[in-house]
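Q: Before we start, here is the structure in question, set down as structure tokens.
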Amino acid sequence: MMSKANITAIGTYAPTRRLTNADLEKIVDTSDEWIVQRTGMRERRIADEQQFTSDLCIEAVKDLESRYDGTLEDVDMILVATTTADYAFPSTACRVQEYFGWENTGALDINATCAGLTYGLHVANGLITSGLHQKILVIAGETLSKVTDYTDRTTCVLFGDAAGALLVERTEEAPGFLASVQGTYGKGADILYRAGLRSELNGMPLADSGKMVQNGREVYKWAARTVPREFEHLLHKAGLSRVDLDWFVPHSANLRMIESICEKTPFPIEQTLTSVEYYGNTSSVSIVLALDLAVKAGKLKKDQTLMLFGFGGGLTYTGLLVKWDVK
Ligand code: ACO
């Protein structure tokens, strides 16, 4: 018989330093009005100079540990979703292992930009349902401020730093993972990237500043086209309809984009969970932050049905239908 997996615990962490729209007005030619109107963002959190992604991930796991009834000593895999790892290698997951000292655990980073958390959950579900693993920590962590060009007003107003962790465990009860969809559009690679060893991508010469480069309008168009289509596809795969869904949790890239996705779906914006207003776009972390904000606000409750939808650079996406099993 196939094993089943559930999400059983959550933890998050955001640096204390705030970057408000008023602060950004002093750095680039922008305004609070433009940022709020186009993105719905009011502030973001920024890591200290000596605070890196693994530091944020460790704090998020400590938060999870303090809110979880069981032990993490028997975690047998750590998956860290990040595009801003401390080092090219060793992986961020290995840095987290080193801090906690759990010896019998695998450790692996996942690079799927803003889709990293949902990819991590998908992989964790596969590893558990196949019977290979029992207890997996899926962590998302980003220090995007370190790769943001603060002279480029089209990107620097968007991004923030944070980390979040979800525990995925084997269960004898009903499965927490109901259905998933994935898709990739590699032709769109050059509209959202950060250069590495190569200086061209799909025939395009790359800016090699080490900073993130984005054609926001094109990313917006791709997401607004893809997410509503896959929203329906995912419900269909699970044999569910919109009324069965308690919450839709898309990647918090931009509140206006989420509104436009909801209009096309159509799904009530009031039933979305987001983290964009006070944290900005935190890439792979945005979904877990939105979940934790909803837990703390008393909105997200055990046994509710959620659609998590991560999408971003690659271009790539993963949508998941899950039952929330955190007590
Ligand atoms: N302040 C003031 N004006 C600005 C700013 C700013 N911060 N940024 C751009 N503008 C100007 C532009 O220069 C342009 O001026 P022009 O008409 O004189 O040329 C005008 O505003 C409109 O620019 P657009 O880029 O067309 O603005 P748009 O409404 O598309 O908003 C935004 C830009 C917010 C970036 C939006 O396109 C977006 O959110 N895109 C999606 C981003 C995303 O989802 N990323 C995915 C994941 S990120 C990851 O994977 C790491």
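The values are calculated or read from the model by the stated rules, or taken from the named source; none is laboratory data. Just so it is clear, the model here is predicted, and its values are computed rather than measured. Cβ: placed from backbone, ideal geometry, glycine included. Neighbour counts: every protein chain shown. We work out accessible area using only protein heavy atoms, side chains counted, and drop any ligands, DNA or RNA first. Shrake-Rupley method; radii C 1.70, N 1.55, O 1.52, S 1.80 Å.
Q: Which is away from the ligand (no atom under 15 Å from the Cβ) and within 21 Å of Thr148 (Cα to Cα), of Leu206, Leu235?
A: Of Leu206, Leu235, the one residue that is away from the ligand (no atom under 15 Å from the Cβ) and within 21 Å of Thr148 (Cα to Cα) is Leu206.
Q: Something else now. For the stretch 159-193, give me each residue that is in a helix (DSSP H, G or I) and not aliphatic (A, V, I, L, M).
A: Taking the stretch 159-193 first, the residues in a helix (DSSP H, G or I) are 186-191.
Listed by number, the residues that qualify are Gly186, Lys187, Gly188, Asp190.
Q: Would you please list the contacts, defined by Cβ atoms under 7 Å and residues six or more apart or on different chains, that run from a residue in the stretch 211-222 that is under 7 Å from Ile191 (Cβ atoms) and near the ligand (Cβ under 6 Å from one of its atoms) to a residue that is in a loop (DSSP other than H, G, I, E, B) and open to solvent by less than 70 Å² (accessible area, probe 1.4 Å)?
A: Nothing qualifies.
Q: Something else now. Between Arg170, Arg153, Arg194, Arg198, which is more than 22 Å from the chain's Cα centre (by Cα) and within 14 Å of the ligand (Cβ to nearest atom)? Break it down into steps so the answer makes sense when it comes.
A: Details: Arg170 fails: within 14 Å of the ligand (Cβ to nearest atom); Arg194 fails: more than 22 Å from the chain's Cα centre (by Cα); Arg198 fails: within 14 Å of the ligand (Cβ to nearest atom).
None of the others qualify; the one that does is Arg153.
Q: Continuing with this model, one more query. Those residues that are hydroxyl-bearing (Ser, Thr, Tyr) and touching a strand residue (DSSP E or B) at 6+ places or on another chain (Cβ under 7 Å), I need them from the stretch 55-89; list them, please.
A: If we filter the stretch 55-89 for residues that are hydroxyl-bearing (Ser, Thr, Tyr), which is where we start, we get 66, 68, 71, 82-84, 87.
Answer for the stretch 55-89, where residues must be hydroxyl-bearing (Ser, Thr, Tyr) and touching a strand residue (DSSP E or B) at 6+ places or on another chain (Cβ under 7 Å): Tyr68, Thr82, Thr83, Thr84.
Q: Tell me, yes or no, whether the stretch 49-65 has at least one residue that is over 21 Å from the mean Cα position of the chain (by Cα) and closer than 23 Å to Gly210 by Cα. Working first, answer last.
A: Kept after step one, since they are over 21 Å from the mean Cα position of the chain (by Cα), are these residues of the stretch 49-65: 49-50.
Keeping just the survivors that are closer than 23 Å to Gly210 by Cα gives 49-50.
Yes, the stretch 49-65 contains a residue that is over 21 Å from the mean Cα position of the chain (by Cα) and closer than 23 Å to Gly210 by Cα.
Q: So, of the residues in the stretch 108-144 that are open to solvent by less than 20 Å² (accessible area, probe 1.4 Å) and more than 17 Å from Val288 (Cβ to Cβ), which turns out to be farthest from the ligand (Cβ to nearest atom)?
A: Lys135
Q: Which residues, counting only those in the stretch 235-249, are assigned to a helix (DSSP H, G or I) and either among the hydrophobic types (A, V, I, L, M, F, W, C) or more than 24 Å from the chain's Cα centre (by Cα) (or both)? I'd like the intermediate steps shown before the answer.
A: Here is the first cut: in the stretch 235-249, the ones assigned to a helix (DSSP H, G or I) are 235-238, 242-244.
Answer for the stretch 235-249, where residues must be assigned to a helix (DSSP H, G or I) and either among the hydrophobic types (A, V, I, L, M, F, W, C) or more than 24 Å from the chain's Cα centre (by Cα) (or both): Leu235, Ala238, Val243.
Q: Also: Please go through the stretch 250-286 and pick out each residue that is open to solvent by less than 30 Å² (accessible area, probe 1.4 Å) and assigned to a helix (DSSP H, G or I). Give the steps one after another, and end with the answer.
A: Initial filter on the stretch 250-286 (open to solvent by less than 30 Å² (accessible area, probe 1.4 Å)): 250-254, 257-258, 260-262, 265, 267, 272-273, 275-276, 280-286.
Hits for the stretch 250-286 are Met257, Ile258, Ser260, Ile261, Cys262, Val276, Ser283, Ser284, Val285, Ser286.
Q: Something else now. Within the stretch 78-103, how many residues are open to solvent by 30 Å² or more (accessible area, probe 1.4 Å), closer than 20 Å to Lys62 by Cβ and either among the polar types (S, T, N, Q) or touching a residue at least 12 places away in the same chain (Cβ under 8 Å) (or both)? Outline the logic, then answer.
A: Just the residues of the stretch 78-103 that are open to solvent by 30 Å² or more (accessible area, probe 1.4 Å), to begin with: 83, 85-90, 94-95, 97-101, 103.
Add one more test, that the residue is closer than 20 Å to Lys62 by Cβ, and what stays is 85-86, 94-95, 97-101, 103.
Retained after the next criterion (residues that are either among the polar types (S, T, N, Q) or touching a residue at least 12 places away in the same chain (Cβ under 8 Å) (or both)): 85-86, 94-95, 97, 99-100.
Qualifying residue count, the stretch 78-103: 7.
Q: Could I ask something else about it? When you go through (1) within 25 Å of Thr151 (Cα to Cα); (2) in contact with a helix residue (DSSP H, G or I) (Cβ under 7 Å, 6 or more places away or on another chain); (3) within 16 Å of the ligand (Cβ to nearest atom) one by one for Ala81, which number turns out not to apply?
A: Failed condition: (1).
Q: Something else: Hey, among Pro205, Pro175, which residue is in contact with a strand residue (DSSP E or B) (Cβ under 8 Å, 6 or more places away or on another chain) and open to solvent by 40 Å² or more (accessible area, probe 1.4 Å)? Don't jump to the end; show me each part of the working.
A: On the way: Pro205 fails: in contact with a strand residue (DSSP E or B) (Cβ under 8 Å, 6 or more places away or on another chain).
Just one listed residue meets the conditions, Pro175.
Q: Sticking with this structure for a sec: Which members of the stretch 1-57 meet the condition of being within 10 Å of the ligand (Cβ to nearest atom), under 13 Å from Gly280 (Cβ atoms) and among the hydroxyl-bearing types (Ser, Thr, Tyr)?
A: Passing the criteria: only Thr39.
Q: Please name all residue pairs, on different chains or six or more residues apart, with Cβ atoms under 8 Å, provided the first residue is in the stretch 22-34 and is more than 15 Å from Glu277 (Cα to Cα) and of a type outside the set (A, V, I, L, M) and the second residue is near the ligand (Cβ under 7 Å from one of its atoms) and part of a loop (DSSP other than H, G, I, E, B).
A: Listed pairs, sorted by first residue: Glu25/Ser31; Thr30/Val157.
Q: Let me ask something else about it. Quick check on my filter: what residues within the stretch 287-327 are away from the ligand (no atom under 13 Å from the Cβ), in a helix (DSSP H, G or I) and of a type in the set (A, V, I, L, M, F, W, C)?
A: If the condition is that a residue be away from the ligand (no atom under 13 Å from the Cβ), in a helix (DSSP H, G or I) and of a type in the set (A, V, I, L, M, F, W, C), then Val288, Leu289, Ala290, Leu291, Leu293, Ala294, Val295 are the ones that fit.
Q: Now for a separate question. Give the stretch 44-67 a look and list any residue that's in contact (Cβ under 8 Å) with a residue 40 or more places away in the chain, open to solvent by 40 Å² or more (accessible area, probe 1.4 Å) and not acidic (Asp, Glu), or say none.
A: Residues satisfying the conditions are Phe52, Lys62, Ser66, Arg67.
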